[in-house]
Amino acid sequence: MRGIVVGVNGSAESDEALDWAMGEAASAAVPLTLVMVAAGAGKGADAAAHEAALAPVRVEAQALLDASRTRTGLDVDGSVVARPGPAADALLELGADADMLVLGRRRRGRVGRAVLGSVSTTVVEHARVPVTVVRHGDPEGAAEDAAPAADAGPPRVVVGVDTSGPSVAALRHACQLAGRTGASIDAVFAWQITTLAPLPGSWGWAPPVDDYEKFAAESLAEAVRAAGVTLPPERLTRRVVHGQAAKQLVLAAQGAERLVVGARGLGGFDRLLLGSVSRQVLDFAPCPVTVVRG
């Protein structure tokens, strides 16, 4: 199943994800498939009971698709699929060959928001295709110390970059998006040093901080080359920042239309570079987050 696959359940969160997916499908000129799970349709049920449980779910899903078309004004080639649960299994199966899987992410409180949710977590961790999680509402306290958003301009996509293959795949994905939408790319390489004080009477040595920053800048340049970025210089910003990776990406994502990260980043020199931050930015980012697996 190619195109965009979006999970829906009739909630405000899934409606927002559906509208976002509708726009993405229209922009990419690909079909959209709504997947809705029927809680009462067990896989072991007989054919008549199975169909009786799925039929009203298809009707509901079609109504959601029609309502989204009305809200967005987009006439996307869309279809609906009703499946028995579990929801994560259905989405992973139907989205195995999709261009992208899309899920909603509801706003939570400070404690609750640390839990992404079982369906979203399972899909993000196991999908082999890009997964975008669309947050519902303003993220409470996501970045209290963020700088004010810049004046409206061309759409901006923030990408987390490190020395790993998945981050190169994320950058490549973002550049394909930019080529389609005219967006600019903000490639952010975050690094951080955490050390313990030397023991009394001992001697120790660490490279100058400038050497770490130079290494990070060279690693970012290598990632840009590996991703085959062909955007004009004015549409590609390269930033090397010192600080905890997820926090720096969340700050950078203020005012962005999307944040793109690799599913897993390892980094070099004793894990001082951007590690696997997808879970953290999914909890705190102020914009949709796309997780790309290398």
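Quick check, is GLU60 farther than 23 Å from ASP97 by Cβ, at pLDDT 95 or above and in a helix (DSSP H, G or I)?
So GLU60 fits the description; yes.
Pull out all pairs, ordered by first then second residue, where Cβ-Cβ is under 6 Å, the residues are six or more apart or on different chains, the first lies in segment 238-251 and is surrounded by fewer than 17 Cβ atoms within 10 Å (Cβ to Cβ), and the second is among the β-branched types (Val, Ile, Thr).
Taking only residues 6 or more apart or on different chains, the pairs are ARG239/VAL188.
Would you check which residues across segment 241-260 are part of a strand (DSSP E or B) and at pLDDT below 95 and list them? Show your work before the answer.
Step one: list which residues in segment 241-260 are part of a strand (DSSP E or B), which gives 241-242, 258-260.
If the condition is that a residue be part of a strand (DSSP E or B) and at pLDDT below 95, then VAL241, HIS242 are the ones that fit.
Of everything in segment 83-102 that's assigned to a strand (DSSP E or B) and at pLDDT below 95, which residue is farthest from ALA17 (Cα to Cα)?
PRO84
Hey, can you tell me all the residues within segment 177-215 that are modelled with pLDDT of 90 or more and within 22 Å of GLN254 (Cβ to Cβ)?
LEU177, ALA178, THR181, GLY182, ALA183, SER184, ILE185, ASP186, ALA187, VAL188, PHE189, ALA190
Hey, any hits in segment 154-176 for a residue that's modelled with pLDDT under 85, surrounded by fewer than 20 Cβ atoms within 10 Å (Cβ to Cβ) and not in a helix (DSSP H, G or I)?
Yes; the residues of segment 154-176 include at least one that is modelled with pLDDT under 85, surrounded by fewer than 20 Cβ atoms within 10 Å (Cβ to Cβ) and not in a helix (DSSP H, G or I).
Tell me, yes or no, whether segment 261-273 has at least one residue that is modelled with pLDDT of 85 or more, part of a loop (DSSP other than H, G, I, E, B) and under 11 Å from the mean Cα position of the chain (by Cα). Talk me through it step by step, then tell me what you get.
So the first thing to find is which residues in segment 261-273 are modelled with pLDDT of 85 or more, and the list is 261-262.
With part of a loop (DSSP other than H, G, I, E, B) added as a condition, the list becomes none.
No.
The values are calculated or read from the model by the stated rules, or taken from the named source; none is laboratory data. Note that the structure is predicted; figures quoted are calculated from it, not measured. Here the Cβ is made from the backbone with ideal geometry for all residues, glycine too, and neighbour counts use every protein chain on show.
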